[in-house]
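Have a look at the structure below, then the notes.
The values are calculated or read from the model by the stated rules, or taken from the named source; none is laboratory data. Bear in mind that the values here come from a model prediction, so they are computed numbers and not experimental data. Cβ placement follows ideal geometry from the backbone for every residue including glycine, while neighbour counts extend to all protein chains displayed. Please note that ligands, DNA and RNA were not included when accessible areas were found on the heavy atoms of the full protein model with its side chains. Shrake-Rupley method; radii C 1.70, N 1.55, O 1.52, S 1.80 Å.
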Amino acid sequence: MLRRSEPRVIKLKSPREIGLMRDAGRLVAQALDKVRQMAVPGATTADFDEAVAAMFREHGAIPLFRGYPSSMKGKPPFPAVICASINDQVVHGIPNRRPLREGDIVSIDTGCKLNGWCGDSAVTLAIGEVSPQNQRLLTVTQETLDLAIRAMGRCRYWSEVASLMEQYVKSQKMFVVEKFVGHGIGQDMHEEPQVPNFVSPALKKNDILLEPGTVLAIEPMVALGTKDVRTLDDGWTVETKDHSSAAHFEHTVAMTREGPRVLTYLND
Ligand code: MG
Ligand code: MG
């Protein structure tokens, strides 16, 4: 997690730097697309992890998640290149060799640094046919991200966007997980500011101006039954307290003079 530093400094990126971030973001998108193609019943999240690690290696990119220090005392650093969070797991799940089953939903989050610049994106995938509630959860979470990206083109401050995200999730009788938030991104994966998916007190006090050069990782996490989460003993895996399903979608988005530009789309 990010530590709050005062005064907060948001590093604005030039058009050239945003272009370099697009290259990193495209590679992350290609990695997630590869996982999407592999995501069938019987596949394992360890297979996904190996495929993404190989792809980053081939392109000379540095994986951003492996070795990331735990925020919990005495816990090991993150051991993999992707996070894979299944069903009631929200984020930071560790890939393993258990075969995925028809009806599972699995959130895959990954990031890399290419030529000194970072990309970060996540998607929740359906394994085979999933329940109508889980399908609805995926749709609503994806729509929450999409509406946020569109709103960035007409809102001056992030709190306006966060309010729309929060209201939309509420209107669908689902819950925004508040414990984890998006972030600024650039030469480091986690830069200032923190980017909540709801209007937090901290955001009200210190709002984010959506000016050209601002690059944010926008990442709504939505659960069916609660916003409350707990971290497992492994020091990483976050699950919903009521074991209801959760989904997570993320894009790296740059504000430009022409409006928001998604740097982690597969195609322009
Ligand atoms: Mg991410
Ligand atoms: Mg992120």
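Zone of VAL9 (label point 7 Å along Cα→Cβ, backbone N under 18 Å): which residues in segment 155-188?
What the label zone holds, given the 18 Å backbone N cut-off, is 184-188.
As an exercise, find the ratio Rg/Rh for the chain from alpha-carbon atoms, using the Kirkwood inverse-distance average for Rh.
Working: Rg = 17.2 Å, Rh = 18.4 Å.
Rounded to two decimals, Rg/Rh equals 0.94.
Within segment 69-131, which trypsin sites (Lys or Arg not before Pro) sit in a loop by DSSP and count at most 11 neighbouring Cβ atoms inside 10 Å? Please report the intermediate quantities before stating the final value.
Details: sites: LYS73, ARG97, ARG101, LYS113; in loops: LYS73, ARG97, ARG101.
For trypsin sites (Lys or Arg not before Pro) across segment 69-131 that sit outside H, G, I, E and B with at most 11 neighbouring Cβ atoms in 10 Å, the list reads LYS73, ARG97.
Using helices alone, I'd like the mean residue ellipticity at 222 nm for the chain: each DSSP H run of four-plus residues gives -39500 (n - 2.57), total over residue count, nearest 500.
Numbers: 5 runs with 77 residues, N = 268.
Mean residue ellipticity at 222 nm (helix-derived): -9500 deg cm²/dmol.
Most mobile of VAL123, VAL199, VAL91 per a Gaussian network model of the chain (Cα springs, under 10 Å)?
The residue that fluctuates most here is VAL199.
Output the peptides 137-146, 232-241 sorted from most to least packed, where packing is the average of other Cβ atoms within 10 Å over each peptide's residues. Walk me through the numbers on the way to the answer.
On the way: 137-146: 19.6, 232-241: 17.6.
Those peptides, ordered most packed to least, come out 137-146, 232-241.
With a 10 Å cut-off between alpha carbons and a GNM built on the chain, which of ALA246, ALA53, ALA43 moves the most?
ALA43
If you place +1 on the Cβ of every Lys and Arg, -1 on the Cβ of every Asp and Glu, and leave all else neutral, what size is the dipole of the chain about its Cα centre, to the nearest 20 Debye? Working shown, then result.
Working: 32 positive and 33 negative charges, 111 e Å.
Roughly 540 debye, rounded to the nearest 20.
Out of ALA31, ALA202, ALA122, any idea which swings most in a Gaussian network model of the chain, alpha carbons joined below 10 Å?
The residue that fluctuates most here is ALA202.
Per residue of segment 121-133, what does 6.51 cos²θ - 1.76 cosθ + 1.60 with θ = phi - 60° give for ³J(HN,Hα)? Whole Hz please, x for Gly and Pro, Karplus curve as stated.
3J(HN,Hα) across segment 121-133, in whole Hz: 7, 9, 8, 10, 10, 8, 9, x, 7, 10, 5, x, 5.
Sequence gap at least 6, Cα distance under 8 Å: using those rules, report the relative contact order of the chain to the nearest whole percent.
24 percent
How much of the accessible area of segment 15-262, probe 1.4 Å, is carbon plus sulfur, in whole percent? Show your work: numbers first, answer last.
Details: 5140 of 10380 Å².
With neighbouring chains kept in place, the figure for segment 15-262 is 49 percent.
For segment 135-142, just list the computed ³J(HN,Hα) in residue order, Karplus coefficients 6.51, -1.76 and 1.60, θ = phi - 60°, integers in Hz, with x standing in for Gly and Pro.
With the stated coefficients, segment 135-142 comes to 4, 4, 4, 5, 4, 5, 5, 4 Hz.
Mind checking which lysines have their Cα closer than 25 Å to the Cα of LYS11? Skip sequence neighbours fewer than 8 apart in that chain.
Within the straight-line cut-off, LYS11 pairs with LYS113, LYS179, LYS204, LYS205.
Amide H neighbours of SER70 under 5 Å, counting only residues 5+ apart in sequence or on other chains, H built in-plane at 1.01 Å?
Counting only residues 5 or more places away or on other chains, the set is PHE78.
Using 0.36 nm per residue, how much length does the chain from THR139 to GLN167 gain when fully extended, once their Cα-Cα distance is taken away? Could the numbers behind the result be given before it?
Numbers: separation 28, 0.36 × 28 = 10.08 nm, distance 1.56 nm.
Result for the pair: 8.5 nm of gain on full extension.
Leaving out ligands and nucleic acids, note down the accessible area per residue over segment 15-262 with a 1.4 angstrom probe, in whole Å². Mind dumping the intermediate values first?
Working: 10380 Å² over 248 residues.
Counting only protein heavy atoms, the per-residue value for segment 15-262 is 42 Å².
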